[in-house]
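Chemist: Pasting a structure here, questions to come.
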Amino acid sequence: MTENGETNGWYAEGVATFGDRLSGAREAAGLTREEFATRLGVRLKTVAAWENDASEPRGNRLQMLAGMLNVSMRWLLTGVGDDLEPPDAPGAMTLPAKIALADLGRMRAKLAQLSREMEQTEDRLRQLLQNDMKGAA
């Protein structure tokens with residue numbers, strides 16, 4: 001795919017929608033809608049709505065989607081970049097390679113989620129310590 005997002009226009013913004021790109025990336029990762037929804041912690045109908053362009057995920061969920069599917073948020077939103085080969089493209093990755101990349105993407109998404117949880121817990125602990133220090137004074 002070229003930098004302007006065109007490989008025969010397969011995933012380009014003028015041709016494909018966000019839902020098309022999401023569906024293509026999910027399928028390339030070897031995930032069913034059900035598996036994808038479960039791993040994201042959303043309902044199946046939510047994923048279906050995203051893929052059918054009836055709704056779009058929030059920014060934080062978009063980051064998780066991109067990480068899990070091993071594509072950039074920019075590509076998901078616009079089709080610009082070389083994140084996903086069109087179906088049957090020459091040199092497309094083998095299924096085992098796609099599965100390995102999908103596993104890495106899921107791990108990256110989990111790591112990002114854990115990092116956010118750690119940040120929240122750290123903030124909560126700081127607040128508790130500040131309150132304890134105020135009470136001791």
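Chemist: Among the listed residues M133, M118, M107, identify the single one that is of a type in the set (A, V, I, L, M, F, W, C), at pLDDT 90 or above and loosely packed, with under 14 Cβ neighbours inside 10 Å.
Modeler: Sole residue among the options that is of a type in the set (A, V, I, L, M, F, W, C), at pLDDT 90 or above and loosely packed, with under 14 Cβ neighbours inside 10 Å: M118.
Chemist: Within the range 8-23, take every residue that is among the aliphatic types (A, V, I, L, M) and either part of a helix (DSSP H, G or I) or surrounded by fewer than 17 Cβ atoms within 10 Å (Cβ to Cβ) (or both) and give me the one that is modelled with the highest pLDDT.
Modeler: Ranking the qualifying residues of the range 8-23, first place goes to L22.
Chemist: Output the residues belonging to the range 45-78 that are among the β-branched types (V, I, T) and either under 19 Å from L111 (Cβ atoms) or part of a loop (DSSP other than H, G, I, E, B) (or both).
Modeler: V71
Chemist: If you don't mind, another one. Tell me, which residue of the range 50-93 that is among the acidic types (D, E), touching an Asp or Glu at 6+ places or on another chain (Cβ under 9 Å) and at pLDDT 85 or above is surrounded by the fewest Cβ atoms within 10 Å (Cβ to Cβ)?
Modeler: Quick first cut of the range 50-93, residues among the acidic types (D, E) only: 51, 53, 56, 82-83, 85, 88.
Now narrow it down to the ones that are touching an Asp or Glu at 6+ places or on another chain (Cβ under 9 Å): 51, 53, 82.
Imposing the further condition that a residue be at pLDDT 85 or above reduces the set to 51, 53.
Values: E51: 20, D53: 13.
Among residues in the range 50-93 that are among the acidic types (D, E), touching an Asp or Glu at 6+ places or on another chain (Cβ under 9 Å) and at pLDDT 85 or above, the one surrounded by the fewest Cβ atoms within 10 Å (Cβ to Cβ) is D53.
Chemist: Would you call G5 touching a helix residue (DSSP H, G or I) at 6+ places or on another chain (Cβ under 8 Å), at pLDDT below 80 and assigned to a loop (DSSP other than H, G, I, E, B)? Steps first, please.
Modeler: Numbers: touching a helix residue (DSSP H, G or I) at 6+ places or on another chain (Cβ under 8 Å): yes; at pLDDT below 80: yes; assigned to a loop (DSSP other than H, G, I, E, B): yes.
Yes, satisfied.
Chemist: So, in the range 24-44, of the ones that are among the aliphatic types (A, V, I, L, M) and part of a helix (DSSP H, G or I), which residue ends up surrounded by the fewest Cβ atoms within 10 Å (Cβ to Cβ)?
Modeler: L44
The values are calculated or read from the model by the stated rules, or taken from the named source; none is laboratory data. Bear in mind the structure is a predicted one, so any value in this text is a computation, not a measurement. Cβ coordinates were reconstructed from backbone atoms using ideal geometry, including for glycine residues, and neighbour counts include every protein chain displayed.
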